[in-house]
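Some notes on the structure that comes next.
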């Protein structure tokens with residue numbers, strides 16, 4: 001596809017359930033980023049990958065959050081034992097590289113609601 | 001740590017009127033600044049970015065921004081807005097010299113009044 005795609009677009013989970021959010025980056029983009037956007041706030045950095053290597057996961061809020069990109073393309077953000085405070089839009093972005101001149105292209109996001 | 005502040009959470013503007021969305025930054029390293037736009041139910045899209053050189057940066061959809069080092073500002077402007085400009089606008093800057101860790105402001109919701 002032409003842009004970054006994310007699935008599902010909407011996810012409702014009961015508290016305590018595990019969820020998996022998928023991101024398909026733009027073909028050929030080696031860098032991939034995850035952000036969390038709470039209601040009324042700007043996106044907040046969670047983690048990023050260069051190919052399959054996770055180079056920074058300092059933004060992950062707890063050890064319940066786990067991200068992977070095993071083949072350097074598709075990425076999955078997994079949240080275990082979801083809590084109500086995990087309700088947010090999860091955004092994925094990709095870029096050609098990590099240079100300041102490389103633009104991050106964002107997907108439409110997955111809106112997670114934890115009941 | 002580097003940060004950006006968007007003081008206006010909502011800005012209503014009449015159609016065809018000019019608009020300015022404010023962004024102030026705090027940084028102890030080289031300053032690079034971005035403006036992103038988020039249309040309803042869509043992902044963020046880059047409007048423009050300041051990396052170096054001319055302090056007046058022109059972006060897409062008729063928007064421009066001016067980097068002002070003395071006032072630590074990077075305000076976004078458009079001389080005449082349209083209904084289609086209704087969206088959320090975010091100012092952002094990287095934590096390092098690459099693009100890998102962007103810090104976003106809280107956003108400004110621009111509402112165009114017909």
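The values are calculated or read from the model by the stated rules, or taken from the named source; none is laboratory data. Keep in mind the model is a prediction, meaning the values are calculated, not measured. Using ideal geometry, Cβ is built from the backbone for each residue, glycine included, and neighbour counts are taken over all protein chains shown.
Here are the numbers:
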{"read-out": "Where residue B:63 falls short, out of the listed (1) within 11 Å of the chain's Cα centre (by Cα); (2) crowded, with 21+ Cβ neighbours inside 10 Å; (3) within 14 Å of chain A (Cβ to nearest Cβ); (4) over 14 Å from residue B:4 (Cα atoms)", "value": "(3)"}
{"read-out": "Top-ranked residue in region B:30-44 [being surrounded by fewer than 16 Cβ atoms within 10 Å (Cβ to Cβ) and free of Cβ contacts under 8 Å to residues at least 12 places away in the same chain; ranked as nearest to the chain's Cα centre (by Cα)]", "value": "B:42"}
{"read-out": "Residue within region A:67-88 that is more than 10 Å from every other protein chain (Cβ to nearest Cβ), touching a residue at least 24 places away in the same chain (Cβ under 8 Å), out of contact with any helix residue (DSSP H, G or I) (no Cβ under 8 Å at 6 or more places or on another chain) and under 17 Å from residue B:104 (Cα atoms) present", "value": "yes"}
{"read-out": "Tabulated pairs, region B:1-29, first without any contact (Cβ under 8 Å) to a residue 24 or more places away in the chain, second assigned to a strand (DSSP E or B), C-beta under 6 angstrom, 6+ apart or interchain", "value": "none"}
{"read-out": "Count of region B:82-112 residues which are out of contact with any helix residue (DSSP H, G or I) (no Cβ under 9 Å at 6 or more places or on another chain), farther than 19 Å from residue B:27 by Cβ and touching a residue at least 60 places away in the same chain (Cβ under 8 Å)", "value": "6"}
{"read-out": "Residue in region A:37-49 that is more than 8 Å from every other protein chain (Cβ to nearest Cβ) and loosely packed, with under 15 Cβ neighbours inside 10 Å present", "value": "yes"}
{"read-out": "Selected residue (only one of B:21, B:93, B:48 is crowded, with 19+ Cβ neighbours inside 10 Å and over 28 Å from residue A:5 (Cα atoms))", "value": "B:21"}
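Here is a yes/no grid of residues against (1) within 16 Å of residue A:91 (Cβ to Cβ); (2) within 14 Å of chain B (Cβ to nearest Cβ); (3) modelled with pLDDT of 95 or more:
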{"residue": "A:9", "(1), (2), (3)": "yes, yes, yes"}
{"residue": "A:15", "(1), (2), (3)": "no, no, yes"}
{"residue": "A:19", "(1), (2), (3)": "yes, no, yes"}
{"residue": "A:25", "(1), (2), (3)": "yes, yes, yes"}
{"residue": "A:35", "(1), (2), (3)": "yes, yes, yes"}
{"residue": "A:60", "(1), (2), (3)": "yes, yes, yes"}
{"residue": "A:65", "(1), (2), (3)": "yes, no, yes"}
